[in-house]
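Novice: The structure's right below; bear with me while I get my questions together.
FYI, it's all coordinate maths here, none of it is from the lab. Just so it is clear, the structure is predicted and the values come from calculations on it, not from any experiment. Virtual Cβ from ideal backbone geometry, glycine too; neighbours counted across all protein chains shown.
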Amino acid sequence: MARLTEENIRLAREIIGRYPKARSATIPLLHLAQEQDGYVTNEAMSHIGELVGASSAEVFGTASFYEMFKFEPVGKYLINICGTMSCALMGAEELMHHAEERLGIKMGSTTADGKFTLERAECQAACTEAPCLQVNYRYRYRVTPDQLDTLIDDLSAGTLSSEIPAHGVVASVRQHIPAERGVGAVAPGLVTENPVWLDGKAAL
Amino acid sequence: MTTIDTTDTNDMPPQDPNAVSITINGRTVAARKGDLIIAAADSVDEYIPRFCYHPRMSSVGMCRQCMVEVEGPRGPMMVVSCMTPVADGQVVRTDTPQVKRAQEGMIELLLANHPLDCPVCDKGGECPLQDQAFSHGAGESRFVEEKRHYEKPIAISDLVFLDRERCILCDRCTRFADEVAGDPLISFTQRGNNTQVMTFPDEPFASYFSGNTVQICPVGALTASPYRFKARPWDLEQRESTCTTCSVGCRTVVQSSRDELLRYQGVDSDPVNWGWLCDKGRFNFQSTNSDDRLSSPQIKSGDSFAASSWSDALESVARVIRHSREGSVAILGGARGTNEDAFMWGALADAAGITMRDAQLDDGLPASVFSYPQATIDSACAGGTVILLAPDIKEELPVLYLRLRDAVQKKRIRLIEISSHETGLTKYAWKSIRAESGTAASAIPALMAQADISTQLASGPVVVVAGRPNLAESASHTMDAIAAVVAVAPSATVLPVLRRGNVRGALSLGLAPRNDNDAATILEASAKGNVDCLILLGADPLSDVADVDLARRGIAGAKFVVAIDTFLTASASHADVVLPAAAYGEKDGTTMNLEGRVTSVVQKITPHGTSRADWMIAVELLTLLGHESNFTTLSDIQNAISAAVPGFGSTTTAVAIKRDGVVVSVTPPSSAPTATSVAAPRNSYEFRLDLSRKLFDRAIGTITSPSLENLATEANVFIHPLDLDRVGAAEGTNVRVSNSHSSIVLPVRASSSIPRGTAWVPFNQIGADVRELVRRNESIIDVRIESM
């Protein structure tokens, strides 16, 4: 299933409808494609190009700018261990070695069962909590090797599945703003009133 | 360029409210509001180094090389001169120590990851990065670390190679592909230090304009396969010329080394091509160098040819012409040559009483299309409405497509396209209307009466871009359609888009049909045995005439066939005498583009073998036939043209040789309008045949150019997806396409660009020849498609 499914095409059209220009929906649609297949396939990028009126090369150019989009299969759990200064000083290297030994893979690769992918990440903006890591973009702070073992055990056992959804799912619960409550595709210059979702509250 | 605000008041001279005066390095420079500093500096030859800036594309400020100092309220500040518009009283300095420091710093940064492999790089010697590193660089680098490494070069298309290590990410190629060509098939990918230009995986940069990216690349990152490792820039000699591949007449520079053509580059002619070329025009010079070129005259003996001397061959031709019955000599072709070629052959025809002549091969429009008030490319793109009654401009006249597309993108014109299938311009059209072949003329009155269309037509000038959209449809349908538009918009002008390089020149200078004896009539007469001598002047009826049956009968019926050509074409191989002709790049002269613009074409290399320019052959024959001839040089002919052709006036090469040429007003003798043809009602055949050209086909100049020969595709018949279901065939399987004349087998493809009931077959591709089904006495052709 590489192109977007019927259900996702419907969703894609709704997302596109929220932007003054269809192309602006490229990144949300890439998330949708990644949610569908776990990574962004070439076929999905071509499909997104068709939907937003861009060439496949333009969609690829946009997608490949972002670390969060993957172009080959990644594990169900993507573990990003921060390797930037604060974390490095607080033992990130040791943590990475431990993770490699525990999972039997090198940084940047995926376990044979497709469950875990290890990646070295740049600063995740949690320097006060170093060394930190993210599992599918959910933080874990001041991680020791033992805590990492526990985390991997819990993920393997599935006990964290409510907190940490599979990779590709950005939000565990999709926020869906009904059309009548959405701001809609209005050119910024035309907005004179508070957005409807403020519900009469004072403007910011 | 920024929008010009005319309401602003200041102390301008009253005559031009947009005039701006700035100071560059102490010199006062006159500019206009909206001009960029870098353009104003260029206008007075104050050179500011640059990589990404290109005057024909939008500015992006990508390379930061063009930093200059502008006096501001808090002292001098550095600005990027390709992004900063001029302002009145602005003080710009391009040579202060600060500017120099900034520019040197940029060069050092750009070179940090550049491999500096100039000794093995094709760009070396003409490389803006190399040149500006010398002129504006510090001369040394502080970067001692390991440079980036990439696999190199990688082919991003059949023609273009990319070396990512050399790339400085100036965005010129990607901007060109997106903004100018409308084929955004290359894009920046990745990020930061890994940023690179790349195609989508498995989707090559298959743009008809890809060669332009190689020309505008300011480093050696993009190279084109025909020129890779062929020559060094300092070994090249060059002359400015005009491309005659199609009738747009793009300005080029022809470059050669050691008497071999090696490269064409586009030259910026403001009224024509803006510096761009299509890949066919850019790379088909290879055919001139082909080993298959005819190198000496050939006389047929038995089934084969024997090489002969020019005197023997010409004498045998002259003898046949002398002994031919009156009115039984015919000349077909001439649109491949120069104006001088056409004029001399016309003069020969006049002297020898040859009335049967036609520069077209029943694949254009009657010369009466020139009787309408004529438009130019600039006037078509200037504003108002452009109505397309034409073939796919992107396929047949690619650079005209760039100009029209640009005019639409800049919201200067609105396109109304009336065509039998979607074309390259469909997505840029304001209205794109599908009219089945043969029905456009009758549909136009109602269409043009629609409220929004008639309002649009009344809002400004109307230009009809008119050509032959479907070779299986009589030209009279297009002529009727033009007349129908002109009836609604009487002030409309017409831009004829006949395809062959110098077709307008040939028709204007003596090779237009006389007494309605057009190519089809001539071939019909020949088939009946009424032609004693058929002269094919660079014409190949067997490959180009849509009614191939007529072409075959015509060639077979001629008692004696003379072919003057660069190659032994399908038709030339049936000739009794073959005379080798000098090709493009091998002869001097002038040419006339579709607007009637006369420009120069130049000789750059020695003609292949003993081949001669067409005009020389005509002069020789004139003498052999006993006519006095005072023509010994090209300028003799040019003087004769000026004297003999009204409207040509003093447009000699002295004038025409200038880059933009001169538009002349010559109306070729026009034949009586063909009888109005009403669209034939559908017979039992359910598909209307639509036969039109693609840029790359099996044309002789393309298949003898090694880099282009594989770009023709397999012949297919394209029908609407629902029609495919109705036929009951699977995509790609063979179907039988037939009518009462013949039957051929072609793979079928579904395409939603084709309306229901139409079967589109690209002309002259690899495989079965759909022309077997075409008969020119039927104004439209219907066929049946059956699965097998």
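Novice: Where does chain B land on Rg/Rh, using Cα atoms and the Kirkwood Rh?
Specialist: That ratio is 0.99, to two decimals.
Novice: Which residue, chosen from B:GLN103, B:THR590, B:VAL561, occupies the Cα position most advanced towards the positive end of the dipole of the protein assembly as shown, where the dipole is computed from +1 (Lys, Arg) and -1 (Asp, Glu) charges on Cβ about the Cα centre?
Specialist: B:THR590
Novice: Using a 10 Å cut-off on Cβ atoms, rank the peptides B:381-387, B:122-128 from the highest mean neighbour count down.
Specialist: B:381-387, B:122-128
Novice: Can I ask one more? How large is the charge dipole for the protein assembly as shown, taken about the Cα centre, if only the Cβ atoms of Lys, Arg (+1) and Asp, Glu (-1) carry charge, to the nearest 20 debye?
Specialist: About 1020 debye.
Novice: I would also like to ask the following. Enumerate the lysines that A:LYS70 could reach by cross-link, defined here as Cα to Cα under 24 Å, with residues fewer than 8 away along the same chain left out.
Specialist: Within the straight-line cut-off, A:LYS70 pairs with A:LYS106, A:LYS115.
Novice: Using only the alpha-carbon atoms, how far is helix B:339-352 inclined from the longest principal axis of chain B? Give it as 0 to 90 degrees, nearest 10.
Specialist: 20
Novice: May I pose another question? Once the cut-off is 54 Å, how many percent of the Cα-Cα pairs in the protein assembly as shown end up in the long-distance tail?
Specialist: That tail contains 26 percent of the Cα-Cα pairs.
Novice: Partner chain Cβ atoms within 10 Å, averaged over the residues of A:44-54 - can you pull that number for me?
Specialist: Partner Cβ neighbours, averaged per residue: 1.
Novice: Loop only by DSSP, 10 or fewer other Cβ within 10 Å of the Cβ. Give me the trypsin sites (Lys or Arg not before Pro) in the range B:392-458 that pass, ordered by residue number.
Specialist: Here the trypsin sites (Lys or Arg not before Pro) that fit, given the DSSP loop and packing criteria, are B:LYS410, B:LYS411.
Novice: Partner chain Cβ atoms within 10 Å, averaged over the residues of B:553-564 - can you pull that number for me?
Specialist: For peptide B:553-564, the averaged partner shielding equals 0.
Novice: Tell me which of B:CYS173, B:HIS323, B:LEU625 sits at the most positive position along the dipole axis of chain B, charges placed on C-beta atoms (Lys, Arg +1; Asp, Glu -1).
Specialist: So the residue furthest toward the plus end is B:CYS173.
Novice: Here is a follow-up. Only Lys, Arg, Asp and Glu count, each charged at its Cβ (+1, +1, -1, -1), so figure out the dipole size of chain B about its Cα centre, rounded to 20 debye.
Specialist: 600
Novice: Rounded to two decimals, what is Rg over Rh for the range A:6-71 when you use alpha-carbon atoms and the Kirkwood radius?
Specialist: 0.92
Novice: Pull up all non-local amide H partners of B:ARG263: gap of 5 or more, or a different chain, and H-to-H distance under 5 Å with H placed in the peptide plane.
Specialist: B:GLN255
Novice: Another one. Mind jotting down the three principal axis lengths of the range B:33-162 based on Cα atoms? Whole angstrom, largest first.
Specialist: The principal-axis extents, from largest down, are 50, 36, 22 Å.
Novice: Output wanted: per-residue J couplings in Hz (rounded whole) for the range A:149-158, from phi through Karplus 6.51 cos²θ - 1.76 cosθ + 1.60, θ = phi - 60°, x for Gly and Pro.
Specialist: Once θ is set to phi - 60°, the couplings for the range A:149-158 become 4, 4, 4, 5, 4, 5, 5, 5, 6, x Hz.
Novice: Each residue of the range B:479-484 in order: what ³J(HN,Hα) in whole Hz does its phi give by Karplus 6.51 cos²θ - 1.76 cosθ + 1.60, θ = phi - 60°, with x for Gly and Pro?
Specialist: Result, rounded to whole Hz: 4, 5, 5, 4, 4, 5.
Novice: With unit charges on the beta carbon (Lys/Arg positive, Asp/Glu negative), name the residue among B:ASN273, B:SER295, B:THR252 whose Cα is farthest towards the positive pole of the charge dipole of the range B:237-329.
Specialist: Farthest along the dipole direction, towards plus: B:SER295.
Novice: Test of understanding: given chain B, find the longest segment containing no chymotrypsin sites (Phe, Trp or Tyr not before Pro) that are in a DSSP loop and have at most 14 other Cβ atoms within 10 Å.
Specialist: Free of exposed loop sites, the longest segment is B:230-788.
Novice: What angle, in degrees between 0 and 90 and rounded to the nearest 10, separates the Cα long axis of helix B:634-644 from the longest principal axis of the Cα atoms of chain B?
Specialist: Compared with the principal axis, the helix lies near 70 degrees.
Novice: Follow-up. Can you list residues whose amide H is under 5 Å from B:LEU425's amide H, if they're 5+ apart or on another chain and H is modeled 1.01 Å from N?
Specialist: Counting only residues 5 or more places away or on other chains, the set is B:ILE393, B:LYS394.
Novice: Moving on. Show me the trypsin sites (Lys or Arg not before Pro) within the range B:196-291 that DSSP assigns to loop and that have at most 11 other Cβ atoms within 10 Å of their Cβ.
Specialist: Loop-located and lightly packed - B:ARG228, B:ARG258.
Novice: Can you pull a Stokes-Einstein diffusion coefficient for the range B:687-787 at 10 °C (1.306 mPa s), Rh from Kirkwood over Cα pairs, as a whole number of µm²/s?
Specialist: 114
Novice: Over all directions, how big on average is the projection of the convex hull of the alpha-carbon atoms in the range B:367-496, in square nanometres?
Specialist: 6.8
Novice: Now for a separate question. Show me, for the range B:502-513, the HN-Hα J-couplings you get by feeding each phi into the Karplus relation (A = 6.51, B = -1.76, C = 1.60, θ = phi - 60°), rounded to Hz, glycine and proline as x.
Specialist: Result, rounded to whole Hz: 10, 4, 5, x, 5, 5, 6, 10, x, 10, 7, x.
Novice: A follow-up question, please. Taking the Cα centre of the range B:19-95 as origin, work out the dipole magnitude from +1 charges on Lys and Arg Cβ and -1 charges on Asp and Glu Cβ, in debye rounded to 20.
Specialist: 200
Novice: Hey, another quick one. Using only DSSP helix segments of four residues or longer, with each worth -39500 (n - 2.57), what per-residue ellipticity at 222 nm results for the protein assembly as shown after dividing by its residue count and rounding to 500?
Specialist: -7500 deg cm²/dmol
Novice: Return an integer: the convex hull volume of the alpha-carbon atoms of the range A:77-157, in Å³ per residue.
Specialist: 73
Novice: Sort A:98-107, B:708-717, B:211-220, B:29-38 for me by packing, meaning the mean count of neighbouring Cβ atoms within 10 Å per residue, highest on top.
Specialist: Top to bottom by mean Cβ count within 10 Å: B:211-220, B:29-38, B:708-717, A:98-107.
Novice: Below 22 Å, Cα to Cα, which lysines can B:LYS33 reach? Residues fewer than 8 away in the same chain don't count.
Specialist: Cross-link targets: B:LYS410, B:LYS411.
Novice: Still on this structure: Please give me, ordered by residue number, the trypsin sites (Lys or Arg not before Pro) of the range B:156-222 that lie in loop per DSSP and have at most 12 other Cβ atoms within 10 Å.
Specialist: Here the trypsin sites (Lys or Arg not before Pro) that fit, given the DSSP loop and packing criteria, are B:ARG191.
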